[in-house]
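One structure is given here, and the rest of the page talks about it.
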Amino acid sequence: MRYWILSALAVGLVGSGCHPGTEPPPLLRVVSEHSAGITTLALIAAPGIRINARVKPALELPDGAVLRFDSPHQTPDSAYFTRPPTSSLSGEWRRAEGTLRASVCEADELVCRSVVLQL
């Protein structure tokens, strides 16, 4: 049995080109899949956003545990993920809740910024 849960996380971008009165597109979102007793979480970046691979994204769970996101698929200099980084939880399916910390860059930026989001 598989369950798909989508948590959208929005952080405003200066000059994002959004129309007045509309919400900015989410920078990051977490997609969850549960199968055979394992919940896999994937961290998906919005178009034009890169996730910094040198500062691994982490999800701090309410019980104090920390899940680190990683992927072997990175740019040649190992600076950015080229595919969504993942993390997993074993046992019963549970919702991904907690504080997500990541470092992201817009495609044309050389300096990344820290993002802290509540799930």
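The values are calculated or read from the model by the stated rules, or taken from the named source; none is laboratory data. Predicted model, so just to flag it, every value in this text is computed and none were measured. FYI the Cβ positions are ideal-geometry reconstructions off the backbone, even for glycines, and counts take in every protein chain you see.
Of the residues making up the stretch 68-95, those that are farther than 12 Å from Ala42 by Cβ and either of a type in the set (Asp, Glu) or in a strand (DSSP E or B) (or both) number 7. Give just the number: which of (1) more than 14 Å from Ser103 (Cα to Cα); (2) at pLDDT below 90 does Val30 not satisfy? Of (1) more than 14 Å from Ser103 (Cα to Cα); (2) at pLDDT below 90, only one is false for Val30: (2).
Yes/no per residue for (1) modelled with pLDDT of 95 or more; (2) closer than 22 Å to Gly98 by Cβ:
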site: Leu6; (1), (2): no, yes
site: Glu23; (1), (2): no, no
site: Thr39; (1), (2): no, yes
site: Arg50; (1), (2): yes, no
site: Ala53; (1), (2): yes, yes
site: Leu59; (1), (2): yes, yes
site: Pro72; (1), (2): yes, no
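Name every residue in the stretch 47-60 that is touching a Leu at 6+ places or on another chain (Cβ under 7 Å) and surrounded by fewer than 19 Cβ atoms within 10 Å (Cβ to Cβ), in order of residue number. Within the stretch 47-60, Ala58 is the sole residue that qualifies. The residues of the stretch 65-91 that are closer than 16 Å to Thr39 by Cα, without any contact (Cβ under 8 Å) to a residue 24 or more places away in the chain and exposed (fewer than 12 other Cβ atoms within 10 Å of the Cβ), listed by number, are Ala65, Arg68. In the stretch 23-40, the count of residues that are part of a loop (DSSP other than H, G, I, E, B), surrounded by fewer than 18 Cβ atoms within 10 Å (Cβ to Cβ) and acidic (Asp, Glu) is one or more.
Among the candidates Gly15, Gly64, the residue that is modelled with pLDDT of 90 or more, over 14 Å from the mean Cα position of the chain (by Cα) and of a type outside the set (A, V, I, L, M) is uniquely Gly64.
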